[in-house]
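Everything on this sheet refers to the single structure shown next.
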Amino acid sequence: MEQTTGQFSLPTLVRKKIEKFRHKERDVRIHHRLSALLWLADGYSVEEVAALLGVCSRTVKNWLALYQKDGLDALCSLQYKGDPGGRVRLLYSSGFPEKSGLSVSWPPSTS
């Protein structure tokens, strides 16, 4: 089932600005976000854009909502809510797992 974006469109000057940013952008994640906006404005469905970019359709919807609510600067910023990896750093802070008192064996026991 394809969902449309409700006639999403971009004014010509905004579209040119996005195309310019996308052309200069080196971070593929931001490039994908900008491409999604352009394709949605061209009439592609959320699902089509998601398939083209290899992401979930919910991700494309989130990008569109972020752009519509907070603008292009917010869309181009990368802010993560997930684990920054502190747990892994703590685990290996003393070097190898054996040095931190952990027992490492392969394959794992099935008992």
Within the range 28-63, residues part of a loop (DSSP other than H, G, I, E, B) and of a type in the set (Phe, Trp, Tyr) come out as TYR44
Restricted to the range 10-56 and to residues being basic (Lys, Arg) and surrounded by 15 or more Cβ atoms within 10 Å (Cβ to Cβ), the residue farthest from the chain's Cα centre (by Cα) is ARG15
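Every read-out reported here was derived from the displayed coordinates using simple, explicitly stated rules and does not represent laboratory data. Owing to the predicted nature of the structure, the values given are computational and were not obtained by experimental measurement. Glycine gets a Cβ as well: all are built from the backbone with ideal geometry, and neighbour counts include every protein chain shown.
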